[in-house]
1. Name the one entry in Ile101, Ile108 that is away from ligand 2 (no atom under 16 Å from the Cβ) and surrounded by 18 or more Cβ atoms within 10 Å (Cβ to Cβ).
2. Name the single residue, out of those in the range 64-94 being free of Cβ contacts under 8 Å to residues at least 60 places away in the same chain and away from ligand 2 (no atom under 16 Å from the Cβ), that is farthest from Thr203 (Cα to Cα).
3. Scanning the range 177-223 for residues that are of a type in the set (Lys, Arg) and modelled with pLDDT of 75 or more, which turns out nearest to ligand 2 (Cβ to nearest atom)?
4. Just give me the residues in the range 1-27 being in a loop (DSSP other than H, G, I, E, B) and within 16 Å of ligand 1 (Cβ to nearest atom), in sequence order.
5. Take the range 127-142 and flag every residue that is acidic (Asp, Glu) and farther than 18 Å from Lys176 by Cα.
6. Looking only at the range 129-137, decide whether some residue is over 23 Å from Leu253 (Cα atoms) and either in a loop (DSSP other than H, G, I, E, B) or more than 16 Å from ligand 2 (Cβ to nearest atom) (or both).
7. Pairs only if they're at least six apart or on different chains, beta carbon under 7 angstrom, first in the range 12-37 and under 20 Å from Thr88 (Cβ atoms), second surrounded by 12 or more Cβ atoms within 10 Å (Cβ to Cβ) and β-branched (Val, Ile, Thr); list them, first residue then second.
8. Filter the range 298-353 down to the residues that are at pLDDT below 75 and assigned to a loop (DSSP other than H, G, I, E, B) and list them by number.
Amino acid sequence: MAQENVNVVARIRPLSNESNDGTCIETDPISSTITLTTNQKQFNMDKVFEQNATQEEIFGYVQPLIATVINGIHGTIFAYGQTGSGKTHTMIGSDENHGIIPRAIEMIFIALNEESEKRNDNFKFKISCTALQIYCEKTYDLLNGNEKIEIPISDIFKNAKEVEVKSSDECMEILKCGLEQRKVSGTSMNETSSRSHAILTLTLKTEYFKENKKHERISRLNMVDLAGSESRKHTNNNKTQNFEASNINKSLLTLGKVIREIINPTQNQVISYRSSKLTMILRDSLGGNSKTTVIVNIHSNSKHATETSSTLDFAVNVKNVKNTAILQEFITSKETLALMQYCTPAFFHSQIC
Ligand code: ADP
Ligand code: MG
């Protein structure tokens with residue numbers, strides 16, 4: 001299976017009127033280059049979406065990745081950028097203007113329902129979701145009602161509550177409830193959700209028979225809304241907020257470190273995935289078995305030039321990470337299927353894992 005670089009796309013949000021200072025970047029959509037006007041440094045992306053890009057256009061860009069997940073390959077989409085740059089707008093959006101997550105869920109249900117109708121009885125599918133939050137280096141299950149239960153990271157996907165969903169509406173409803181559990185503190189909703197990482201995962205299981213063999217595919221789509229990447233040294237944080245900030249930064253600093261280690265390997269070096277919860281969860285998405293797209297969100301008002309520069313540095317680094325995505329298919333012969341009738345489910349599970 002061929003190696004493939006992480007795909008990196010920049011989305012520039014409209015200038016905000018918080019300051020009348022103009023923009024700190026120039027973009028060339030044809031060469032997908034962004035130039036920082038403060039020092040003329042150029043950053044090459046796989047694609048640049050300018051201020052007026054619509055949610056439809058952004059979704060159109062990630063649609064092929066979602067199609068490969070439907071066909072049995074793990075995929076990850078994550079949004080990176082400073083607070084206010086448009087990560088949540090891009091990933092979740094609003095009720096009137098859906099972002100990637102609701103559109104992806106709808107696309108998956110439509111595609112699998114169509115396949116099921118086309119092939120009559122010979123195609124079954126199951127979709128389930130999990131929603132996790134990393135806050136202050138602790139991982140919480142957002143689907144566990146009001147209780148804030150920390151999940152042991154050792155086997156995160158086995159310990160997280162996985163909910164089977166039968167329609168895109170049901171799935172969105174469950175995820176929305178989960179996202180409301182996201183840590184709320186500070187002065188505004190934006191301030192609070194910018195302090196935690198949210199990781200929504202859909203698991204797709206499909207099954208069909210061909211030439212007396214059972215083909216099962218199990219793939220995952222991770223959709224991640226990261227905490228704001230800005231440095232917080234200029235803000236007037238209280239003690240708790242300082243603790244939060246250092247832990248957010250720990251996860252994001254480790255993310256940057258892991259990416260640098262992957263792209264500049266030294267002999268016998270062990271990649272520091274285990275140094276933060278976020279990189280443990282994203283391990284397969286960065287240098288592993290996944291197709292990954294990173295959306296870097298840019299708030300280009302001149303007053304954000306330093307943050308924009310660091311976001312663009314992150315983008316060019318992550319673009320050099322290579323993944324090897326493998327079809328997640330298990331084929332079982334008729335003879336094995338017959339034998340399995342006499343085995344316990346636990347025994348069967350141990351055979352395919
Ligand atoms: P983040 O999640 O990165 O902190 P948000 O997605 O919450 O940022 O965006 C901050 C504000 O800017 C929101 O009010 C959002 O609606 C608006 N916004 C962000 N990106 C865009 C965009 N591309 N077009 C229009 N409004 C945007
Ligand atoms: Mg946000």
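The values are calculated or read from the model by the stated rules, or taken from the named source; none is laboratory data. Since the model is a prediction, treat every value here as computed from it, not as a measurement. Positions of Cβ are generated from backbone atoms using ideal geometry, with glycine treated the same way; all protein chains shown enter the neighbour counts.
1. Ile108
2. Among those residues, the one meeting the criterion is Pro64.
3. Arg195
4. If the condition is that a residue be in a loop (DSSP other than H, G, I, E, B) and within 16 Å of ligand 1 (Cβ to nearest atom), then Arg13, Pro14, Leu15, Ser16, Asn17, Glu18, Ser19 are the ones that fit.
5. The answer is Glu137, and nothing else.
6. Yes, there is a match, as at least one residue in the range 129-137 is over 23 Å from Leu253 (Cα atoms) and either in a loop (DSSP other than H, G, I, E, B) or more than 16 Å from ligand 2 (Cβ to nearest atom) (or both).
7. Once the first residue is under 20 Å from Thr88 (Cβ atoms) and sits in the range 12-37, its partners that are surrounded by 12 or more Cβ atoms within 10 Å (Cβ to Cβ) and β-branched (Val, Ile, Thr) give Ile12/Thr27; Ile12/Ile298; Arg13/Ile298; Leu15/Thr23.
8. Filtering the range 298-353 down to residues at pLDDT below 75 leaves 337, 340-353.
Across the range 298-353, the qualifying residues are Gln341, Tyr342, Cys343, Thr344, Cys353.
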